[in-house]
Amino acid sequence: MSQKLPTAALEKQPAAFRTPARERAKRLQGRRAVAGLGTRLGLVGVYAFLVVMTIFALFPFYYVVQASFAGAQNLYTTDLHLFPAHFTFANYLTAFTQEPLLNWIGNTLLVCGLTALCGLVCSTSGAYALARFRFAGRELTLRALLTLQAFPGLLALTAYYLLLNALHLLNNLLGLVLIYSAGAIVFCCWNTKTYLDALPIELEQAALVDGATPFQAFWHIVLPLATPALAVAALFTFMTGWNEFALANLVLNANANGSNLTFILGLYSLQSDFRTPWGIFAAASVIVSLPLMVIFFFAQRYFRSGLAQGGLAN
């Protein structure tokens, strides 16, 4: 009906006014057609850009996967192969049988698991204190946390070394756990604190009126509601040490052929001055990536909501 009414109105007008009105209507239709074409071209450009960026993001991972199934002779050619010319599982068998890969993965899981536990306990208790209590130095503590995030942990390599040497924790997985936990607490504490600010304090007050202790209100009321933020904190602290090399090399000394290496140091120890087994290196990289992918798959819904809510400012 909206398209027929202007035509009927034009027919009732005198002929002197009918032609300019029709021309204006045609020009308007032409502008709409051009605008629609521009919108479609813009969408095509956006999707083309996203496709190109996706290829750039996924191609390195794809190349590592196909290199893990290729023979050694295929990795030293200048030709680009989308699929391995000689498909084989020899690299995976070598990684499991001739290298202590399972030991490296076990050490990494132990370090990352203890880091997540320590970081979660410290960041949650600190975030709850900053979110619910008012005490002298609270604002200064919040500003100090933000300031610490601006400095990378690599600046403290010398201080870490001297501290761990004094505590006799060099070449010890526990020393690595302490460093990773200290580095992850800052972000996790701030993110969790901001999430707790969004929870109504009346729920805890109601629990206290019903006879609960402050710890019971925290344990049974706050923690279940803060599950997304806790999942983000745990996952972030777990990821802190998964692919980290510099601090692990400082503490555990990758050049020493010990049994307490993490997998990133273990992969580094595979290379020598004259030869690097790229096929075994690629196979081991694919294997050690699987646990983190599984964790992301099961925790992604908590990760999205907790990071989005925790990122909101007060």
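The values are calculated or read from the model by the stated rules, or taken from the named source; none is laboratory data. Note that the structure is predicted; figures quoted are calculated from it, not measured. A quick note on method: Cβ atoms are made from the backbone with ideal geometry, for glycine too, and the neighbour counts reach across all protein chains shown. The accessibility values were calculated without ligands, DNA or RNA, using every heavy atom of the protein model including side chains. Shrake-Rupley method; radii C 1.70, N 1.55, O 1.52, S 1.80 Å.
Projecting label points 7 angstrom from Cα along Cα→Cβ for Leu170 and Phe215 puts them 4.0 nm apart. Both numbers refer to the Cα atoms of region 152-305; Rg and Dmax are 20.4, 72 Å. Label-to-label distance, Thr97 versus Phe56, with points set 7 angstrom from Cα along the beta-carbon direction: 4.2 nm. Sequence-ordered 3J(HN,Hα) estimates for region 210-221 from the Karplus curve with 6.51, -1.76 and 1.60 and θ = phi - 60° stand at 6, x, 6, 7, x, 5, 5, 5, 5, 6, 9, 10 Hz, glycine and proline given as x.
Ranked by solvent-accessible area (1.4 Å probe, protein heavy atoms only, all chains present), the residues Ser123, Ser272 order from largest to smallest as Ser272, Ser123.
Farthest toward the positive end of the dipole of region 97-312, out of Leu235, Ala116, Trp190, is the Cα of Trp190, where the dipole comes from beta carbon charges about the Cα centre.
Using a simple spin-label model with pseudo-atoms 7 Å out from Cα toward Cβ, Leu117 and Phe135 lie 2.6 nm apart.
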